[in-house]
Structures are given as structure tokens and as C-alpha cells.
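J.: Below: one structure in C-alpha cells.
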Amino acid sequence: MTVQRFTPAGMLQPAPYHHVAVATGTRHVHVAGQVAHRPDGSPVPSDLAGQVAQALRNTATGLAGAGATFDDVVRLTFYVTRWSPEKIAEFMAGVEAVADEIGIGSPMPPASLIGVEVLFEPGVLVEVEATAVLD
């Protein structure tokens, strides 16, 4: 499988993500929205950076379960509660905290960050969905 990621001339640059991904392959992997819950039930981080980091770890685990990595990801969607532009530094700190650990490159795959009022459970600040393509 090959994923080619790029940002064509005429699109916003630099950005923390690529604007376009072109993938060839036959298996699509869809990882459902992941939050900062830990598998052992230990406390969830209460800050945005900590929750972004743990949600991305959980996303990486889901990808691995299907035989995929972030190299195979063609789309990420982030849902963040009570979003405001002032939160971008804390959000990116969470991404950067785990980037090497989980193998997510910089820039990231094409991504959307969508502000929402609330997620399914009090205290959940972020949810991450991923789509990957494999041979």
C-alpha cells in the first residue's frame, strides 16, 4: 500500500497536517472515535494535552490491531469540546508528546479539528477517529 501525502501549491502552508492524501490499496481500516480512557482503567488525564496524547495512543493501538500504522492513515478527525483557537498550543503539545512514540509524522496526515460543545461523557475533552488504507 502506498499513501502519498502532500500540500499542493495554492493551499495554506505551513500547516501541521498535509492537505491531501492519495492511497492505493484494497483494505480500509476505520478506527472509531478514541478518547483518553486507559485500558487498565487508571485515571484519564484532565488536561487537553494529556487527553490528546492518550487518545492518539489508543488510536495507534486500534490501527496496530488491524495491522496498520500512522503511515497508512489517510484521514484523522479530532473532536474537541468547547474549542477556541487559544487551545491550539495545548492541543499540539499533546500531539508532539507522543509523535515519536506512536509514529505519527509531521506534518500529520490530512486532518480536521471540529469544535463540539460536549462529547459522550463528562470530562472527555477530545475524541480521535482515523481512516487508513492497506494492501
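The values are calculated or read from the model by the stated rules, or taken from the named source; none is laboratory data. Remember, predicted model here, so these are calculated numbers, not experimental data. Virtual Cβ from ideal backbone geometry, glycine too; neighbours counted across all protein chains shown. All accessible areas refer to the heavy atoms of the entire protein, side chains included, with ligands and DNA or RNA removed. Shrake-Rupley method; radii C 1.70, N 1.55, O 1.52, S 1.80 Å.
J.: Output needed for the stretch 8-58: three equivalent-ellipsoid semi-axes, defined as square roots of 5 times the C-alpha gyration tensor eigenvalues, in descending order, whole Å.
T.: After scaling each eigenvalue by five and taking roots: 30, 19, 6 Å.
J.: If I compute Cα Rg over 2.2 N^0.38 Å from the structure I just sent, which labelled value in (1) 1.25; (2) 1.07; (3) 1.03 lines up?
T.: (3)
J.: Here's a follow-up. Mind jotting down the distance between the C-alpha centroids of the stretch 1-46 and the stretch 96-135, whole Å?
T.: Between the Cα centres of the stretch 96-135 and the stretch 1-46 lies a distance of 6 Å.
J.: Let me ask another. Considering only DSSP beta bridges with both partners in the stretch 19-135, what is the antiparallel share in %, to the nearest 5?
T.: If we restrict to bridges inside the stretch 19-135, about 70 percent are antiparallel.
J.: To the nearest 20 debye, what is the magnitude of the charge dipole of the chain about its Cα centre, counting +1 on the Cβ of each Lys and Arg and -1 on the Cβ of each Asp and Glu?
T.: 260 debye
J.: Please report, largest first and rounded to whole Å, the three semi-axes of the ellipsoid equivalent to the stretch 80-135, where each semi-axis is the square root of five times an eigenvalue of the C-alpha gyration tensor.
T.: 22, 15, 11
J.: Shifting gears a bit: Provide the per residue accessible area, probe 1.4 Å, for the stretch 15-135, rounded to a whole number of square angstrom.
T.: Accessible area per residue: 49 Å².
J.: Principal axis extents for the stretch 54-110, Cα atoms only, whole Å, descending order, please.
T.: Extents along the principal axes, in whole Å: 36, 20, 19.
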